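Notes for the one structure printed next.
What follows is calculated from the coordinates using simple rules that are stated; it is not laboratory data. Small disclaimer: the values here were computed from a predicted structure and weren't measured. Note that each Cβ is placed from the backbone with ideal geometry, even for glycine, and that neighbours are counted across all protein chains shown.
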């Protein structure tokens, strides 16, 4: 782990986010540590409510102000601490250094403006220029995300485009200022499968072209296998396993990861009932003693229910970690 | 079997095609009764609206025994009703337009900010809205007339006061929806400030609503102005605002009915046409408002 820390582009250490609601307060992001290098894709996998989006929003420092607070840790981008920046400095980071692609292209474009205007807005905020150069760069951004006839498309309104096309525009906005890190929060969930595949290929190509790091948030292990280099698996606000994709698929160290992978339907092999994980994750406000996955875990013993497992290496190489008592024993 | 044709794409209706639904008759009435008189009163009036002519007192309109000299008859001082209506149009237009402008600016600004920042400011503005909607405009008009004297300014303030709450409430409601829209989040992610989001992203999405609401309020503003004048707390005499003209004819309604009738008819035709145009605009610009 120490070797990767030096060349990490985005380095997150012990990040903690507390959310306060009427029902009580809890930590949807509990002691997260991970890092991404340039040109690398890190998958963040977990089910709804496991804290994936919260993690993304806390990296952008865009948590809902009244309810959520960052309670500790550090987020370093290129060695620069983001958590202590002023709001004004942070605005310069957003869009220029870290950018984000949101889930739903239907609503993430403003219906009142042409897509060209909306790409231009991002450009103007971080790299102002004359009308003509801005227009050229806007068309160029559209061309990079492979929108056909970008000279005409700049004048279209979002309502005149298909979902896949709109998501490309959202992508064009996100990459327009050539950020170092892009956070993609389930960008393909609302697209149909063929468009999804095209979009993922596009992301990969853009990454090869620019060397940006991608944080890919998803609940789909199929996409992770396709796109990501490394993956972290989250459960109930904790990182339960992290490591290179190949290793995790070959030998998942945490029972939750194992269950998730076996729940991915396969095109090959026999048709059988898909496996499911029995039970439900704990409610965020529940007080969890021991391992949060223990009630649903087929291997759980008495210690799993009473003591929280530490994060340990899952093999000798040190780049694959998990927090499970079984790994401690092994 | 009946032949069914399915076109591949629903043809988009151009602005020109939609304009065929435009209410032409109301617009024509509005132009003739209100807009043209308001701007060209000096050219189309037949007599000076302020100068009495006691020899021509209480002339009936033409077709009721009158002459073309005084087509809509004269009042008890012998002033030409037609010329007075024509000259009054300008004041009616100015009061309703500026009054609505005040309402739009105040209401939209407060509604935008309240809906966006929420919290105590939102609560404060919404209570002001409740108070404003509960307080009769007439009461405020009376108070203002007593405090600063009835004038053009006091009438504009009353109209603005009576209308701002509707704009504030409507705009706030839409902002509440829009502030959580993903495009706002996306713009935040791209590095926009709150100010930029509010005025570059949210405001353009509520302009349709504002325009429609403003048009629908013109009728209310004109009625309010007429009521104030009728009660003697509007723009003071001798300015011939329409409400004042109706008020002038009140005592003669049984005998010399035309003094009150024609200004009243002008008010009715104007408000009716404005409302019909407003309805059309609402249906064209903002289908969501149809239920309102």
Q: For chain A, find the longest principal axis of its Cα atoms and tell me its angle to the long axis of helix A:131-144, 0 to 90°, nearest 10.
A: 40 degrees
**Q.** chain B shape via C-alpha gyration tensor axes, a/c threshold 1.5
**A.** oblate
Q.
Can you report the principal axis dimensions of the range A:18-133 using only the alpha carbons, biggest first, rounded to whole angstrom?
A. 52, 34, 28
Q. What list do you get for B:32, A:101 if you sort them by fewest beta carbons within 10 Å?
A. B:32, A:101
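Can you say what percent of the DSSP beta bridges in chain A, counting only those with both residues inside, are antiparallel? Round to 5. Don't skip to the answer; put the middle values down first.
On the way: 28 of 47 bridges.
So the antiparallel bridges amount to about 60 percent of the total.
As a test of the formula, what do you get for the protein assembly as shown when each DSSP H run with n ≥ 4 contributes -39,500 (n - 2.57) and the sum is divided by the residue count, at 222 nm and rounded to the nearest 500 deg cm²/dmol?
Mean residue ellipticity, 222 nm, calculated: -15000 deg cm²/dmol.
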Q | Rounded tilt (10° steps) of B:137-148 against the dominant C-alpha axis of chain B | A | 70 degrees
Q: Note down the nm distance, to one decimal, between modelled labels 7 Å out along Cα→Cβ at residue B:173 and at residue B:211.
A: 2.1 nm
Q. Sorting B:257, B:90, B:242, B:120 on the 10 Å Cβ count, fewest up front, what's the list?
A. B:120, B:257, B:90, B:242
Q: Given the options B:222, B:24, B:85, state which has the largest fluctuation in a GNM of chain B using a 10 Å cut-off (strictly under) for Cα springs.
A: B:24
Q. For the Cα atoms of chain B, what angle does the longest principal axis make with the long axis of helix B:152-178, in degrees from 0 to 90, nearest 10?
A. 20 degrees
**Q.** Within the range A:175-212: backbone nitrogen closer than 16 Å to the residue A:80 label point (7 Å, Cα to C-beta)
**A.** A:177-182
Q. If you stretched the chain out fully between residue A:7 and residue A:315, how much longer would it get, using 0.36 nm times the residue separation minus the C-alpha to C-alpha distance?
A. 108.7 nm
Q.
Give me A:71, B:55, B:186 sorted ascending by neighbouring Cβ count inside 10 Å, so fewest comes first.
A. B:55, A:71, B:186
Q.
Test of understanding: express the Cα radius of gyration of the protein assembly as shown as a ratio to 2.2 N^0.38 Å, with N the residue count.
A. 1.34
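From the C-alpha coordinates alone, can you work out the Kirkwood hydrodynamic radius of the range A:107-178, in Å? Working shown, then result.
On the way: mean 1/r = 0.0853 Å⁻¹.
Hydrodynamic radius (Kirkwood, Cα only) of the range A:107-178 equals 11.7 Å.
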Q: May I ask you to list the residues of the range B:237-260 whose amide nitrogen lies under 20 Å from a point 7 Å from Cα along the Cα→beta-carbon direction of residue B:42?
A: B:238-241
Q. Under 17 Å from a point 7 Å along the Cα-to-Cβ line of residue B:135: which residues of the range B:171-187 have their amide N that close?
A. none
